[in-house]
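Structure, as structure tokens:
The values are calculated or read from the model by the stated rules, or taken from the named source; none is laboratory data. Computed from a predicted structure; not experimentally measured. Ideal geometry is used to build each Cβ from the backbone, glycine not excepted, and the neighbour counts take in all protein chains shown. Accessible surface areas use protein heavy atoms only, side chains included; no ligands, DNA or RNA. Shrake-Rupley method; radii C 1.70, N 1.55, O 1.52, S 1.80 Å.
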Amino acid sequence: MADTLTITDNRTGKQYEIPIQDGTIRATDLRQIKVRADEFGMMTYDPAFMNTAACRSKITYIDGDNGILEYRGYPIEQLAEHSDFLETAYLILFGELPTAQQYERWSREITLHTMLHTNIAKLMEAFRHDAHPMGMFLSTVGALSTFYPDAKDIFSEASRRLQTIRLIAKAPSIAAYAFRHSIGRPYNQPDNELGYAGNFLNLLFRMTELEYQPNPVLERALDVLFILHADHEQNCSTSTMRAIGSSHADPYSAMAGAAAALYGPLHGGANEAVLRMLNEIGSIQNVPAFIKRVQAGEERLMGFGHRVYKSYDPRAKIIKRIADLVFEVTGTNPLLEMALELERIALEDDYFVTRKLYPNVDFYSGLIYQAMGFPVDMFPVLFAIPRTAGWIAQWEEMLTDPDQKIARPRQIYVGYSKRDYVSREKRK
Ligand code: SDX
């Protein structure tokens, strides 16, 4: 049997042999299917890209039916157990786990780029006291493009590596500045003796102590949460990063757009939406009534469902285990009981089971962040920090892929056909 699709166009009786590669056909191979020779030719119609592969990638593999997630072939469970975020970021970005020497150099390079230009502090001062930290984060990432014009040299590998280091290193610093701005406290400076997650906690929470000592359990929990959020193949924000990058914009401008996409409550804003939903439900007694409103289509159970996972998100399983460790230190989040009851009901209820709606990465992560002392509006920012590694890796893969060019989808035009201008006095 040949690896081809035989298509018969019943409008003309013509037959076409379309090659199949990697279980797909090239959409442009359909353009030969026409009724009249002067036609544009057949297209596919796929709103929200439900069934369209936009690229070939070696970075992340997801099997949605079996709840499998692998970065460069390594199962997420093993990386969460044995790795740390900087090592996982290196793996995602460069394709292999670093040797001890490579890891030492990589973490040194990141450490030496965590400081922000003093004008960035002035820029962030301009935000209102109640500005949403994610709005501050994405604006400031975009502003970095004006501080590093060398980033426009996107086909220089050395420039791409330097911008990669700057973005991985500065994402936590920008996030911490946004948090400190919102609580009216002075910005902290990085402590080069601390690791990636530990220094982030230092930037966020150091008060008058000369040396901030991060709680090792919370530091490790944050590091593992960063590993879990580092990449997730062609999700909405990553596809945005690729699309913006395809016009050859610099990586800071592309990442500002990716962060904007992540901000949406259906995507990275879901962890914040989950906490707001739990607070709105108010008590475990109100859970059955809320579930009824979800079944009636009046509400969404935020933190549930996924375009790809039609089984339990493997990240949610790991996050539930981290929650137990964190709550031993911080005390249990009172909303946990309600979240567990929502999950218990949803996993049995026909509405969710038939739609294959399971907890995703956002359902429990917010409970941990809140217990660690983060305000709810910081949650999307905590998603954006680690996803910086995935966005850059996917951006670079797109740039160096000979198959790729500027993203420009087609459309089906369903508007008015040609009509003549009517002067204003004659309009009804
Ligand atoms: C992330 O893509 C990624 O990989 C994303 C992410 C990553 O790491 O980058 O994994 C991170 O964004 C996780 C998802 C976080 N979002 C939420 O938790 C928001 C709530 N979830 C949904 O809005 C929804 O499940 C999506 C957006 C996640 C997926 O939406 P789809 O695939 O477009 O599915 P859909 O909206 O078409 O829903 C299919 C059906 C519909 O019912 P019917 O109209 O067929 O009757 O399921 C229903 C939906 O109404 N449904 C839900 C629901 N999610 C889907 N009903 C109630 N509650 C929900 N959460």
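Quick look at the numbers
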quantity	calculated
Cα centroid of the stretch 50-89 to Cα centroid of the stretch 346-390, whole Å	18 Å
Distant-in-sequence amide H partners of Leu5 (H built 1.01 Å from N, under 5 Å)	Ile18, Ile20
Farthest positive-ward along the stretch 247-333 dipole, Cα basis, beta-carbon charges - from Ile319, Ser283, Gly297	Gly297
Distance between the stretch 242-315 and the stretch 189-205 - C-alpha centres, whole angstrom	28 Å
Nearest-20 debye value, the chain charge dipole, Cβ charges on Lys, Arg, Asp, Glu	2040 debye
Highest-MSF residue in the chain out of Thr238, Thr111, Thr52 [GNM, Cα springs under 10 Å]	Thr52
Sparse-neighbourhood loop sites, GluC sites (Glu not before Pro) in the stretch 84-167 - DSSP loop, at most 16 other Cβ within 10 angstrom	Glu96
Charge context of Ala176, other residues only, Cβ under 13 angstrom, K/R +1, D/E -1	+3
Amide N of the stretch 1-31 lying under 16 Å from the label point, which is placed 7 angstrom from the Cα of Asp65 along Cα→Cβ	23-24
Highest-MSF residue in the chain out of Gly264, Gly373, Gly23 [GNM, Cα springs under 10 Å]	Gly23
Solvent-accessible area per residue, Å², over the chain with all protein chains present [probe radius 1.4 Å]	51 Å²
Karplus-derived 3J(HN,Hα), 6.51/-1.76/1.60, for each residue of the stretch 421-426, Hz, glycine and proline x	5, 10, 5, 4, 5, 8
The stretch 270-371 shape via C-alpha gyration tensor axes, a/c threshold 1.5	oblate
Chymotrypsin sites (Phe, Trp or Tyr not before Pro) lying in DSSP loop within the stretch 149-258, provided at most 15 other Cβ fall within 10 Å	Phe155
Approximate spin-label separation Glu298-Ile18, in nm, with each point projected 7 Å along Cα-to-Cβ	4.4 nm
The chain: angle of helix 196-205 to the longest principal axis, Cα-based, in degrees nearest 10	70 degrees
For the chain: relative contact order, % (alpha-carbon pairs under 8 angstrom, 6 or more apart)	19 percent
Estimated inter-spin distance, Asp153 and Arg11, nm [label 7 Å along Cα→Cβ]	5.2 nm
Relative contact order %, the stretch 60-265, counting alpha carbon pairs below 8 Å whose residues are six or more apart	26 percent
Out-of-range pairs (alpha-carbon distance over 22 Å; input Lys58/Lys356; Lys58/Lys152; Lys170/Lys317; Lys292/Lys356)	Lys58/Lys356; Lys58/Lys152; Lys170/Lys317
Peptide ranges 348-354, 36-42 listed from the most packed, as the mean C-beta count within 10 angstrom indicates	348-354, 36-42
Sequence of Ile7, Ile368 from largest to smallest accessible area, 1.4 Å probe	Ile7, Ile368
Ranking by accessible area, most exposed first, for Tyr263, Tyr16 with a 1.4 Å probe	Tyr263, Tyr16
Per-residue ³J(HN,Hα) for the stretch 393-401, Karplus 6.51 cos²θ - 1.76 cosθ + 1.60, θ = phi - 60°, Hz, x for Gly and Pro	4, 5, 4, 5, 5, 5, 4, 9, 8
Relative contact order of the stretch 1-44, pairs being alpha-carbon contacts under 8 Å that are 6 or more residues apart, as %	27 percent
Reach of Lys428 by Cα under 29 Å, taken over lysines that are not fewer than 8 positions away in the same chain	Lys418
Within the stretch 108-210, trypsin sites (Lys or Arg not before Pro) in DSSP loop having at most 16 other beta-carbon neighbours inside 10 Å	Arg128
Mean ellipticity per residue at 222 nm, deg cm²/dmol - from DSSP H runs of n ≥ 4 across the chain, formula -39500 (n - 2.57)	-15500 deg cm²/dmol
Cα shape, the stretch 60-265, gyration tensor, a/c 1.5 rule	rounded
By average C-beta atoms within 10 angstrom, highest first, the peptides 402-409, 357-364	357-364, 402-409
